[in-house]
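The structure under discussion appears below in the form of structure tokens.
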Amino acid sequence: MTKDETKQVVLDIIADIAPDEDISNLKPDVRLRDQMQLDSMDFLDIVMELRKRHGIEVPEADYIHLASLDSCADYLTPKFTALGK
Amino acid sequence: MSFKSPRIVITGVGLTAPNGNTLSEFRQNLLNGVGGIEKREIRYMGELLAGVCHYDALKYQTKKELRVGTRAGSISIYCAREAVADSKIDFAAFPKDRIGIYVGTTEHGNVETENEVYAISKFNYDTKYWSHYHNPRTVSNNPAGEVSLNLGITGPAYTVGAACAAGNLGLIHAAQMLRLGEVDLAICGGVSESIHTFGIFAGFKSQNALASHPDPLKASRPFDKARNGIVISEGGALYTLERLDDALARGAKIYGEIGGYCVNSDASDYVLPNPGRQAECVKKALANARLAPRDIHIVNTHATATPMGDIQECEAIRAVFGEGCPDTYINNTKSYIGHCMGAAGALELAGNLPSFDDLVVHPTINVDDLDPQCALPGLVLNHPKKVGKVDAILNNSFGMLGINSTLIVKRFLP
């Protein structure tokens, strides 16, 4: 999976957990929380959906890597690759 | 010590029922004999009958709020917002810490718990897939708490758990809090999301108390010989209640005045009703309202269309209104909308409130063959009845574990 594909995976999840938000112009290098209404429960949603949909575990200490789309891609792409995706 | 209890009045109504999403729509359907029962797929059980509400949930909530919250919370928000709008109170300027939210519920948490168990069943029951929203969704105060979040109300917001008597209890508790001066405006009544839990259906089915009929609209038939059980429904009715002086000061429309009430307990069985205690509850409510049985012009029955339950309630009503009450008329709303559980008492009261204005008593429908044991004098069957006087409505609502409630609402007279 490429980093762009990883970003799309995260965007698909965000689209479901924040259905009222326009996510078409999210800047990949800016913190998600600075661009849209996301609280701590929403971040737990991202973690849960990565687990449910893709079998990816994100330990609590690594939540910081989910801050922006770019950091998500950097952190998650190797995990997808390790799973053969 | 002398204490003059403040008079409490109803100044706003918000509701959603299986046959209407505003009081006027609901009332018109009750007068026109239009019910709202439909077939619905219930998890593990297949197609059953249920009363489903079709209000516009996005009118007052975002998609995200709907995703995070519960159905009971959503129904409560819709009803609360509609009631506040109907009251025409200056809500923006009203001190939010002086508003109380008291929502009656039969149960809460079954829906979300069943959903989560079902969800983790797809992951071999691994609890790491259990939602982090489970606890805020299932705490007992959830429906009231969602209203406080949605409206920014910072006063007390909690539910009143009282089985199927809960709708009345929400109103009664609110009146008490207003009289105590704890709040200046109460948003109160009852809600139910119970059609979203298979457990309620399965429980009544195991009890042989679930209605069945080829025609969904004929399935809920209190007092009819062919009645065969309860149709489970969702719904909600929340009111704004205020002290009379406050309502008059702002020129509020007044739907009626809380006349009196009683809540008591059978202390006799988990499930079976107790007609003696029900009659006692009605009599104590009358005494509380300083009214005689003949002063009541509409009695809304709780009757759910179970074979024994209807007879027992009729026994209780006969014991109080059997003689000397020529102007007392008796009806039932569940024949249209099924049993809205925690919302039942509050919704059924709403359906009768317009009778103060139009002097028409809506009927009990679906009575093709009246059970002689339910043949109460004054029973209004199948067609609305124009009457000479409606000055007091008595609203019965009973529930499991033997909780009984009677609420009397009087025509407002200055």
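The values are calculated or read from the model by the stated rules, or taken from the named source; none is laboratory data. Since we're looking at a predicted model, the values are computed, not measured. Backbone-built Cβ (ideal geometry, glycine too); neighbour counts: all protein chains shown.
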Among residues of region B:102-141 being free of Cβ contacts under 8 Å to residues at least 40 places away in the same chain, more than 11 Å from chain A (Cβ to nearest Cβ) and small (Gly, Ala, Ser), the residue surrounded by the fewest Cβ atoms within 10 Å (Cβ to Cβ) is B:SER121
Does any residue of region B:110-129 turn out to be of a type in the set (Gly, Ala, Ser) and under 24 Å from A:ASP16 (Cβ atoms)? yes
In region B:196-216, anything in contact (Cβ under 8 Å) with a residue 60 or more places away in the chain, buried (at least 18 other Cβ atoms within 10 Å of the Cβ) and either assigned to a loop (DSSP other than H, G, I, E, B) or under 20 Å from the mean Cα position of the chain (by Cα) (or both) is listed as B:HIS196, B:THR197, B:ILE200, B:PHE201, B:ALA209, B:LEU210, B:ALA211, B:HIS213
Considering only residues that are in a loop (DSSP other than H, G, I, E, B), under 21 Å from the mean Cα position of the chain (by Cα) and buried (at least 20 other Cβ atoms within 10 Å of the Cβ), which ones fall in region B:217-255? B:ALA219, B:SER220, B:ARG221, B:PRO222, B:PHE223, B:GLY229, B:VAL231, B:GLU234, B:TYR255
On the given criteria, is B:PHE26 of a type outside the set (A, V, I, L, M) and either surrounded by fewer than 24 Cβ atoms within 10 Å (Cβ to Cβ) or within 14 Å of chain A (Cβ to nearest Cβ) (or both)? no
Given the criteria of a type outside the set (S, T, N, Q), crowded, with 21+ Cβ neighbours inside 10 Å and in contact with a helix residue (DSSP H, G or I) (Cβ under 8 Å, 6 or more places away or on another chain), does B:TYR78 qualify? yes
Residue check, B:ASN168 against (1) among the polar types (S, T, N, Q); (2) surrounded by 17 or more Cβ atoms within 10 Å (Cβ to Cβ); (3) free of Cβ contacts under 8 Å to residues at least 24 places away in the same chain, all met but one. Which one? (3)
Would a scan of region B:367-377 turn up a residue that is under 21 Å from the mean Cα position of the chain (by Cα) and not charged (D, E, K, R)? no
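One line per residue, one yes/no per condition, for (1) at positive phi; (2) assigned by TED's automatic domain parsing to the domain that holds B:PRO143; (3) of a type in the set (A, V, I, L, M):
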| position | (1), (2), (3) |
| --- | --- |
| B:ALA343 | no, no, yes |
| B:ASP358 | no, no, no |
| B:ILE365 | no, no, yes |
| B:ASP371 | no, no, no |
| B:GLY378 | yes, no, no |
| B:LEU381 | no, no, yes |
| B:LEU407 | no, no, yes |
| B:PHE412 | no, no, no |
May I ask you to say which residue of B:VAL183, B:VAL147, B:VAL191, B:VAL160 is in the same structural domain as B:ASN19 (by TED's automatic domain parsing), assigned to a loop (DSSP other than H, G, I, E, B) and buried (at least 18 other Cβ atoms within 10 Å of the Cβ)? B:VAL183
For residues that are closer than 18 Å to B:ILE120 by Cβ, among the acidic types (Asp, Glu) and surrounded by fewer than 17 Cβ atoms within 10 Å (Cβ to Cβ), tally how many sit in region A:41-62. 1
From (1) part of a helix (DSSP H, G or I); (2) closer than 28 Å to B:ALA93 by Cα, pick out the condition that doesn't hold for B:ASN135. (2)
Somewhere in region A:31-49, is a residue more than 27 Å from B:LEU58 (Cβ to Cβ), of a type in the set (A, V, I, L, M), without any contact (Cβ under 8 Å) to a residue 40 or more places away in the chain and within 12 Å of chain B (Cβ to nearest Cβ)? yes
Output the residues belonging to region A:1-30 that are surrounded by fewer than 19 Cβ atoms within 10 Å (Cβ to Cβ) and within 14 Å of chain B (Cβ to nearest Cβ). A:ALA15, A:ASP16, A:PRO19, A:ASP20, A:GLU21, A:ASP22, A:ILE23
Filter region B:43-77 down to residues that are assigned to a helix (DSSP H, G or I) and farther than 22 Å from B:THR159 by Cβ and give me whichever is farthest from the other protein chains (Cβ to nearest Cβ). B:LYS59
